[in-house]
Amino acid sequence: MKKIFITLLVVLGSFAVEAQELKWETDINKAIKVSNKTKKPMLLFFTGSDWCGWCIRLQKEVLKTPEFAKWATKNVVLVELDFPRGKQQSDVIKNQNNGLQQTFGIQGFPTVWFATANVKSGKPSYTGIGNTGYVAGGPAAWLAVADGILKKK
């Protein structure tokens, strides 16, 4: 019985570690470089991480799961664009996130945009592929929507 319990802990622990290994960029310029180098679109996650209930739910039910981690590693460059109320952010990040909120017309959280970008004369030009938000049904349901959007690319 003890061996089964330890084995179960190891297996569950490996899933948690896999989900935590995802790299979420917060600097859009760095994300654009990675996106263009890897030929993967960016997943722009507009969130209010410390106050938005639906954002927290999306994180818990989808974005922090092993299924999402496996999918994201193959398909996208992850970018978190946070609008916290209690956490401190640098003015550079605040200005960047506010500018991207305007560019993509974000009116509610969570919003997830899939996009590519090219930089001309030091200014990024974005091409939106599609967007979504919270989708009920866990990782399988959310990933089905995401895959549908990415097929448009």
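The values are calculated or read from the model by the stated rules, or taken from the named source; none is laboratory data. This structure is a prediction, so every number in the text was calculated from the model and none was measured. We place every Cβ from the backbone using ideal geometry, glycine too, and count neighbours over all the protein chains shown. Calculation scope for accessible area: heavy atoms of the full protein, side chains included, ligands and nucleic acids excluded. Shrake-Rupley method; radii C 1.70, N 1.55, O 1.52, S 1.80 Å.
Here are a few things to note about the model shown:
- Filtering region 37-64 to residues that are open to solvent by 10 Å² or more (accessible area, probe 1.4 Å), in a helix (DSSP H, G or I) and under 16 Å from LYS23 (Cβ atoms) leaves LYS37, THR38, GLN59.
- Residues satisfying the stated conditions in region 98-123, i.e. without any contact (Cβ under 8 Å) to a residue 24 or more places away in the chain and either charged (D, E, K, R) or closer than 14 Å to ASP27 by Cα (or both): ASN98, GLY99, LYS120, LYS123
- Residues satisfying the stated conditions in region 123-145, i.e. over 22 Å from GLN59 (Cα atoms) and open to solvent by 70 Å² or more (accessible area, probe 1.4 Å): LYS123, THR127
- Only one of the listed residues (VAL119, VAL79, VAL112) is in contact with a helix residue (DSSP H, G or I) (Cβ under 7 Å, 6 or more places away or on another chain) and either more than 21 Å from LYS39 (Cα to Cα) or buried (at least 18 other Cβ atoms within 10 Å of the Cβ) (or both). That residue is VAL79.
- Residue in region 92-109 that is under 22 Å from GLY148 (Cβ atoms), of a type in the set (Phe, Trp, Tyr) and within 14 Å of the chain's Cα centre (by Cα) present: yes
- Only one of the numbered conditions (1) modelled with pLDDT under 95; (2) under 13 Å from the mean Cα position of the chain (by Cα) is violated by VAL11, and that is (2).
- Being at positive phi and surrounded by fewer than 16 Cβ atoms within 10 Å (Cβ to Cβ) is a property that GLY148 lacks.
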